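Trainee: One structure coming up, written as structure tokens, with questions to follow.
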């Protein structure tokens, strides 16, 4: 084969390069380098996400410090059972996703589909439980602002706790402090809402990946998408690992 | 140094660790530890520890997040570049959050 012919068919690797898979881009020396570059980029993106959620966490901690009694009282109205259940669901989905990455790495087609289906179901389950919690906020008039007619935000339950709450050790708040529970619920909805949005985006990507996996995709070793989606999904899990104690748990006893 | 550059032929001796596959046993152990951590953090929230309740809760969350990053996200088995990237990112994050909180929490220092 002459040189000119090699140029004509655009095969720049014809001259003494080791064979490499089709999906290796030409500007990478090796698959290792390509994989390293891809996950490096993914991690940079995730670090910007860390900064984004970090801003919300910081705002939460500062306001909690300022309006401490309001934040403690408002935190007590959260459904700790559903919050714990959601933690369980999300950690399990992280595990099934990790298993999915392993199945892709070891070329187990059925295992990959199974793991992705499990992750999808658990992800939807999380959103379902979250929706039920949001509905509870709607019923209790704990959604900030006046978005829903007849269910505008009302701190009245914090000024005059009902008999059950008083029995549980709840103390009535002064009206001006009780009004600050709206700040707590604003941050609650901002933080869990942004987290849920990340879940919804993740579930959309997951559906696309599942579609491809069911048609025998990702079995040629080109699994960068599966691996990087795994990183994203675990990151969303980590956000919840911090959200859960901060919103639900740390004020249990004050 | 000069020797290193002289030998820098992109096709020869590209030193990268071979891709490490984390197996189901490791994942299952980490999953188990995360469940235990969740149980402990819920249990601890029902104990009366005063100002230590949030400290313990955040400490457990940090441990759980570290497990996820190291094993589920493969950083334990990644190259030095990846470890440094994650470390530098978290360091920057702590600077930003730490300094902001230090500012707000000390504005009225000694005035209450």
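Trainee: Give A:223, A:203 a once-over and let me know the one that is touching a residue at least 24 places away in the same chain (Cβ under 8 Å), touching a helix residue (DSSP H, G or I) at 6+ places or on another chain (Cβ under 7 Å) and under 28 Å from residue A:31 (Cβ atoms).
Mentor: So the residue among A:223, A:203 that is touching a residue at least 24 places away in the same chain (Cβ under 8 Å), touching a helix residue (DSSP H, G or I) at 6+ places or on another chain (Cβ under 7 Å) and under 28 Å from residue A:31 (Cβ atoms) is A:223.
Trainee: Quick one: how many residues across the range A:155-188 are outside any helix (DSSP H, G or I) and under 19 Å from residue A:63 (Cα atoms)?
Mentor: Initial filter on the range A:155-188 (outside any helix (DSSP H, G or I)): A:155, A:160-162, A:168-174, A:180.
The next check asks that each one be under 19 Å from residue A:63 (Cα atoms); those that pass are A:155, A:173-174, A:180.
So the answer is 4.
Trainee: From the list B:80, B:64, exactly one residue is more than 8 Å from every other protein chain (Cβ to nearest Cβ) and closer than 30 Å to residue A:228 by Cβ. Which is it?
Mentor: B:80
Trainee: Check off (1) in a helix (DSSP H, G or I); (2) within 30 Å of the chain's Cα centre (by Cα) for residue A:146 and give me the number that stays unchecked.
Mentor: Result: residue A:146 passes all but (1).
Trainee: Anything in the range A:128-159 that is touching a helix residue (DSSP H, G or I) at 6+ places or on another chain (Cβ under 6 Å) and touching a residue at least 24 places away in the same chain (Cβ under 8 Å)? List them, or say none.
Mentor: Of everything in the range A:128-159, those that are touching a helix residue (DSSP H, G or I) at 6+ places or on another chain (Cβ under 6 Å) and touching a residue at least 24 places away in the same chain (Cβ under 8 Å) turn out to be A:129, A:130, A:133, A:142, A:143, A:144, A:153, A:155, A:158.
Trainee: Residue B:22 passes all but one of (1) in a helix (DSSP H, G or I); (2) more than 15 Å from the chain's Cα centre (by Cα); (3) surrounded by 14 or more Cβ atoms within 10 Å (Cβ to Cβ); which number fails?
Mentor: (1)
Conditions (1) over 30 Å from residue A:25 (Cβ atoms); (2) exposed (fewer than 15 other Cβ atoms within 10 Å of the Cβ), marked per residue:
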{"site": "A:167", "(1), (2)": "yes, yes"}
{"site": "A:170", "(1), (2)": "yes, no"}
{"site": "A:178", "(1), (2)": "yes, no"}
{"site": "A:184", "(1), (2)": "yes, no"}
{"site": "A:187", "(1), (2)": "yes, no"}
{"site": "A:218", "(1), (2)": "no, no"}
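Trainee: Sticking with this one: Please go through (1) more than 11 Å from chain B (Cβ to nearest Cβ); (2) buried (at least 19 other Cβ atoms within 10 Å of the Cβ); (3) more than 30 Å from residue A:169 (Cα to Cα) for residue A:70 and return the number of the only condition it doesn't satisfy.
Mentor: (3)
Trainee: Working only within the range B:45-61, note down all residues that are assigned to a helix (DSSP H, G or I) and more than 8 Å from every other protein chain (Cβ to nearest Cβ).
Mentor: Initial filter on the range B:45-61 (assigned to a helix (DSSP H, G or I)): B:45, B:52-61.
Correct list: B:52, B:55, B:56, B:59.
Trainee: While we're on this one: Go over the candidates B:82, B:1, B:49 one by one and state the one that is crowded, with 16+ Cβ neighbours inside 10 Å and at pLDDT below 95.
Mentor: B:82
Yes/no matrix, rows are residues, columns are (1) in a helix (DSSP H, G or I); (2) at pLDDT below 90; (3) within 8 Å of another protein chain (Cβ to nearest Cβ):
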{"position": "A:209", "(1), (2), (3)": "yes, no, no"}
{"position": "A:218", "(1), (2), (3)": "no, no, no"}
{"position": "A:221", "(1), (2), (3)": "no, yes, no"}
{"position": "A:226", "(1), (2), (3)": "yes, no, no"}
{"position": "A:230", "(1), (2), (3)": "yes, no, yes"}
{"position": "A:237", "(1), (2), (3)": "yes, no, yes"}
{"position": "A:240", "(1), (2), (3)": "yes, no, no"}
{"position": "A:243", "(1), (2), (3)": "yes, no, no"}
{"position": "A:247", "(1), (2), (3)": "yes, no, no"}
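Trainee: Would you point out the residue of the range A:34-43, among those that are within 13 Å of residue B:89 (Cβ to Cβ) and facing another protein chain (nearest Cβ under 7 Å), that is farthest from the chain's Cα centre (by Cα)?
Mentor: Among them, the one singled out is A:40.
Trainee: Could you tell me which residue of the range B:11-40 is farthest from the other protein chains (Cβ to nearest Cβ), considering only residues that are over 20 Å from residue A:231 (Cβ atoms), at pLDDT 95 or above and in contact with a helix residue (DSSP H, G or I) (Cβ under 8 Å, 6 or more places away or on another chain)?
Mentor: Restricting to residues being over 20 Å from residue A:231 (Cβ atoms), at pLDDT 95 or above and in contact with a helix residue (DSSP H, G or I) (Cβ under 8 Å, 6 or more places away or on another chain), the top hit is B:40.
Trainee: Taking the conditions exactly as written (farther than 30 Å from residue B:77 by Cβ and under 23 Å from the mean Cα position of the chain (by Cα)), does residue A:84 satisfy them or not?
Mentor: The answer is yes for residue A:84.
Trainee: Restricting to the range A:77-122, what's the tally of residues that are farther than 22 Å from residue A:249 by Cβ and more than 12 Å from chain B (Cβ to nearest Cβ)?
Mentor: Residues meeting the conditions: 11.
Trainee: Can you list the helices (runs of 4 or more DSSP H) lying wholly within the range A:20-121 that have 2 or more residues being within 25 Å of residue A:208 (Cα to Cα), modelled with pLDDT of 95 or more and out of contact with any strand residue (DSSP E or B) (no Cβ under 9 Å at 6 or more places or on another chain)? Let's see the steps before the verdict.
Mentor: Numbers: elements: A:31-66, A:68-75, A:80-105.
Filter on the range A:20-121 gives A:31-66, A:80-105.
The values are calculated or read from the model by the stated rules, or taken from the named source; none is laboratory data. Computed from a predicted structure; not experimentally measured. So basically every Cβ, Gly included, is an ideal-geometry build from the backbone, and we count neighbours across all protein chains shown.
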